[in-house]
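Undergrad: Below is the structure I would like to discuss, written out as structure tokens.
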Amino acid sequence: MSTLHSSTDRIRAIDAWWRAANYLTVGQIYLLDDPLLERPLEPSDIKPRLLGHWGTSPALNLVYAHLNAVISETERDVLYICGPGHGGPAMNANAWLEGTWNELYPEITPDPEGLRKFFKQFSFPGGIPSHAAPNTPRVDQRGR
């Protein structure tokens, strides 16, 4: 029974990660404001120009979630190569979930205001590109 319980917990954890990454991906593509959908959406909450492809993102997020489980269970070193391409918001979402996004962008805090900034910076003037690329999440002019 404990094996089934562990297996069930593992599946639930992978599913929760996947669903959260999918939401963060969609939020980057569509939302400018109200990242937790605390009120009915208004046209001003939606980005005027939508970039990034949703279609590739759920699969990228699913692979990422499963690789996290494999890494946790086996302590293996794994390199997940993705892109370049329209999967940028998926990779950003996973970096936000695991906390590495905040290491590069300390102003993107793990709270509703930070989430709003995270969504807004994606494919928006002064933000980050819509594609997975070597310079995403960011490399400044000094190469850092």
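The values are calculated or read from the model by the stated rules, or taken from the named source; none is laboratory data. Owing to the predicted nature of the structure, the values given are computational and were not obtained by experimental measurement. Note that each Cβ is placed from the backbone with ideal geometry, even for glycine, and that neighbours are counted across all protein chains shown. To get the accessible areas, we keep the full protein, side chains included, count just its heavy atoms, and leave off ligands, DNA and RNA. Shrake-Rupley method; radii C 1.70, N 1.55, O 1.52, S 1.80 Å.
Undergrad: Checking the structure you have, find out if any residue of region 107-122 is more than 18 Å from L60 (Cα to Cα), in contact with a Lys or Arg (Cβ under 6 Å, 6 or more places away or on another chain) and modelled with pLDDT of 90 or more.
TA: yes
Undergrad: Confirm whether S72 is open to solvent by 70 Å² or more (accessible area, probe 1.4 Å) and among the small types (G, A, S).
TA: yes
Undergrad: Ok, one more. Only one of L67, L51 is surrounded by 12 or more Cβ atoms within 10 Å (Cβ to Cβ) and either within 23 Å of G127 (Cα to Cα) or modelled with pLDDT under 85 (or both). Can you tell me which?
TA: Of the residues listed, the single one that is surrounded by 12 or more Cβ atoms within 10 Å (Cβ to Cβ) and either within 23 Å of G127 (Cα to Cα) or modelled with pLDDT under 85 (or both) is L51.
Undergrad: For the structure I just gave you, tell me whether T56 is buried (at least 18 other Cβ atoms within 10 Å of the Cβ) and modelled with pLDDT under 90.
TA: The answer is yes for T56.
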